[in-house]
Structure formats: structure tokens, C-alpha cells
Amino acid sequence: MTDVGARSSPREVVAYLLRLRPVLANAVQVRRGFIEQVGVLIEQLRQGDPISIARQAGRLGNETSPMFREARHQIDALDPPPLCEACNRAISDWLEVHLSACALLGQIGSQHDAKRLRVVQEHLAEGRTHATRFNEEYTHIKTDLREQVDRVLGRRRRGGGPSGFLRRLFGAKN
């Protein structure tokens, strides 16, 4: 969980979230296709040729791995503010699970062992744990950011800040 004492300026947090958004959107899009293809392979395994399916699995792992690796590299390069570090770790861990699944698919292809496709599903199920952690961290960040913004806006509404000082100084009414 995010360190409660970790303070980051709203500007830093927003900048991080804006840098994160396209990287995460791309990774989620890659994952959708990847999950769909793994599901197709598992379904084909019920009636198809295991060796051919193992080869397809190997190709899928080898073709998808670079995309997840690039996303993880981009996530690791984001340099999150302190409030966002746990969120960044959760995404990195989520991507690591997908890279592990890709590596396993590569092994399935090279060893012609299509029966291990179920193990790939187990790896991907573990990814849901990291996705849940990310969602919790993201919610925490949004809540903290809203509270910080509300505090700043509240001060301004109550006559705080530079414009409030000038109004009080010159006797202007709100």
C-alpha cells in the first residue's frame, strides 16, 4: 500500500498519471489480444494436434514478449513521485507476470508440451492480483489528489491565498 507519509505535489502526481496513461492503455490492449489468443489455443488443444498448438504457443509468446518488455521498460522509466511508487510497482509486477507467461509459452513451443498451457492460465490469474493492487493504489492516489485540490480550493474560497489577501486588504466583498 502507498506510504501514508509519502507526499507528492498535485502537479507531480498529475504529470505522472498523464505519462502513465498511454503506456498502460497500450499494455492493456496488448493483453486483451494475448488473453484471447491463449484462450483459443487452450480450446484448440481439446481437439487439435498438440505439437502444432505448442508451436503456435511458442510463436505467440515470442511475438508478444517484446511488447510487454517495452511496456515494462517504459513503466520503469516513469520516475513516479513518492505517492505513486506503489502504483508503479503494481503495474511493473503485472507486466512481469505477462512476461513470465510469454516465456512459458516460448518453452511450450520449444519443448512441444502443449499440456502446460493451463500453467500459462495460472500465471495470468496471478496477474489479476497485481491488477487489483494497481486499482487500489490508483484509487488511493485519486482520493489523495482530490483532497489536496479541495484543500487548496477551500483556502481560496475562504479568502486564503493571494487573491483573498488582496480582497481583505482593500475591503472588497466576495
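The values are calculated or read from the model by the stated rules, or taken from the named source; none is laboratory data. This is a predicted model, so every value here is computed, not measured. Here Cβ is always computed from backbone atoms with ideal geometry, including for glycine, and neighbour counts include all displayed protein chains.
Checking SER8 against (1) assigned to a helix (DSSP H, G or I); (2) surrounded by 14 or more Cβ atoms within 10 Å (Cβ to Cβ); (3) not charged (D, E, K, R): exactly one of these is not met. Which one?
Going through the list (1) assigned to a helix (DSSP H, G or I); (2) surrounded by 14 or more Cβ atoms within 10 Å (Cβ to Cβ); (3) not charged (D, E, K, R), SER8 breaks only (1).
Among the candidates ILE53, ILE42, which residue alone is among the hydrophobic types (A, V, I, L, M, F, W, C), closer than 17 Å to HIS123 by Cβ and in contact with a helix residue (DSSP H, G or I) (Cβ under 7 Å, 6 or more places away or on another chain)? Break it down stepwise before answering.
Details: ILE53 fails: closer than 17 Å to HIS123 by Cβ.
On inspection, the qualifying residue turns out to be ILE42.
Say we look at region 78-118 and pick out the residues that are of a type in the set (Val, Ile, Thr) and under 14 Å from the mean Cα position of the chain (by Cα); which of these is nearest to LYS142 (Cα to Cα)?
Step one: list which residues in region 78-118 are of a type in the set (Val, Ile, Thr), which gives 91, 97, 108.
Pick out the ones that are also under 14 Å from the mean Cα position of the chain (by Cα) and you get 91, 97.
Working: ILE91: 16, VAL97: 25 Å.
The residue in question is ILE91.
For region 118-153, give me the residue count where each residue is among the hydroxyl-bearing types (Ser, Thr, Tyr) and either surrounded by 12 or more Cβ atoms within 10 Å (Cβ to Cβ) or modelled with pLDDT under 90 (or both). First the steps, then the outcome.
Step one: of region 118-153, the residues among the hydroxyl-bearing types (Ser, Thr, Tyr) are 129, 132, 138-139, 143.
Of the ones still in play, those that are also either surrounded by 12 or more Cβ atoms within 10 Å (Cβ to Cβ) or modelled with pLDDT under 90 (or both) are 129, 132, 138.
Counting residues in region 118-153 that are among the hydroxyl-bearing types (Ser, Thr, Tyr) and either surrounded by 12 or more Cβ atoms within 10 Å (Cβ to Cβ) or modelled with pLDDT under 90 (or both) gives 3.
Only one of LEU145, LEU117 is touching a Pro at 6+ places or on another chain (Cβ under 7 Å) and at negative phi. Can you tell me which?
Step by step, each of LEU145, LEU117 is checked, and only LEU145 is touching a Pro at 6+ places or on another chain (Cβ under 7 Å) and at negative phi.
I'm told GLN111 meets every condition in (1) at pLDDT 95 or above; (2) surrounded by 13 or more Cβ atoms within 10 Å (Cβ to Cβ); (3) closer than 30 Å to ARG55 by Cβ except one. Can you identify the failing condition by its number?
(2)
Among the listed residues PRO50, PRO66, identify the single one that is under 22 Å from VAL40 (Cα atoms) and either at pLDDT below 95 or in contact with an Asp or Glu (Cβ under 9 Å, 6 or more places away or on another chain) (or both). Explain how you work it out, then say what you get.
Working: PRO66 fails: either at pLDDT below 95 or in contact with an Asp or Glu (Cβ under 9 Å, 6 or more places away or on another chain) (or both).
When all the criteria are applied, what remains is PRO50.
Exactly one condition in (1) without any contact (Cβ under 8 Å) to a residue 40 or more places away in the chain; (2) in a helix (DSSP H, G or I); (3) surrounded by fewer than 19 Cβ atoms within 10 Å (Cβ to Cβ) is false for GLY48; which is it?
Evaluating GLY48 over (1) without any contact (Cβ under 8 Å) to a residue 40 or more places away in the chain; (2) in a helix (DSSP H, G or I); (3) surrounded by fewer than 19 Cβ atoms within 10 Å (Cβ to Cβ) leaves (2) as the failure.
For region 129-138, state whether one or more residues are of a type outside the set (Lys, Arg), in contact with a Cys (Cβ under 9 Å, 6 or more places away or on another chain) and not in a helix (DSSP H, G or I).
no
Could you say whether any residue in region 64-77 is under 16 Å from the mean Cα position of the chain (by Cα) and outside any helix (DSSP H, G or I)? Even if it seems obvious, please write down each step before you answer.
Let us first name the residues in region 64-77 that are under 16 Å from the mean Cα position of the chain (by Cα), namely 67-77.
Adding the requirement that they be outside any helix (DSSP H, G or I) leaves 77.
Looking for residues that are under 16 Å from the mean Cα position of the chain (by Cα) and outside any helix (DSSP H, G or I), one finds at least one in region 64-77, hence yes.
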